[in-house]
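Below you'll find the structure, written out as structure tokens, and then a few comments.
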Amino acid sequence: MKNIKPIEITVGALFVCLMAIGANIAIWFPFLAVPIGGTTVPLSLQTFFSILAGLMLGKRLGSLAMITYVLIGVVGVPVFAGMEAGPVQLITPTGGFILSFILVAFITGWIAEQKATASLQRFVIASLAGLTINYLLGVTFMYLSMNFYMNLDINYGVAWISMIPFLIKDVAMSCLAAVFTVRVANRIPMVWKTAKV
């Protein structure tokens, strides 16, 4: 892997900031928090921004931006949902979603990079693949955390059913990310198209 260029650091940092804003949107709009099984899960834009990072930055820079976001939160900067921080956040019910953003950006970026031209169909597939990874890891981890960390007796099927409102929102936002990226591809070149990896 070659050295990262200043422009790549800049756009990566931009997505770290977008993730922090997207995680805490429910702080400013409290009605966006949904109670589930003894805890409250905020609606957020993190999945949208992690998918967008993969589409616009590619697998390498997109996943590096998400790794940076996670590490910043783990060391104590309050960038996770609810202005939370620290390593303990990785074992809470939303910890799986936080960790999954790295893989979401990587998978989305990998699919997006398969051809040099922006294609709505490919970007929608990439976005939905990233979303699938996000929910498979996130819901499974949420189920395990609630049962073993929080001592709540939650069925795995119930955990999935409880996520339906979030899933509907995230499917729509994933498709929006694909449409947005295709629309701006000619005006704002995607970093992975110009980077020499």
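Some points to look at:
- Among the residues of segment 120-140, those that are surrounded by fewer than 16 Cβ atoms within 10 Å (Cβ to Cβ) and either over 17 Å from Met173 (Cβ atoms) or in contact with a Phe, Trp or Tyr (Cβ under 8 Å, 6 or more places away or on another chain) (or both) comprise Gln121, Leu136, Thr140.
- Comparison of Ile107, Ile111, Ile67, Ile91 shows that the only residue that is over 13 Å from the mean Cα position of the chain (by Cα), over 16 Å from Asp170 (Cα atoms) and modelled with pLDDT of 95 or more is Ile111.
- Within segment 80-106, being aliphatic (A, V, I, L, M) and crowded, with 23+ Cβ neighbours inside 10 Å holds for Ala81, Ile98, Val104, Ala105.
- Among (1) surrounded by 13 or more Cβ atoms within 10 Å (Cβ to Cβ); (2) more than 21 Å from Gly54 (Cβ to Cβ); (3) at pLDDT 90 or above - the single one Leu152 does not satisfy: (3)
The values are calculated or read from the model by the stated rules, or taken from the named source; none is laboratory data. Fair warning: this is a prediction, and the values are worked out from it, not measured in the lab. Reconstructed Cβ throughout: ideal geometry from the backbone, glycine too, with neighbour counts over all protein chains shown.
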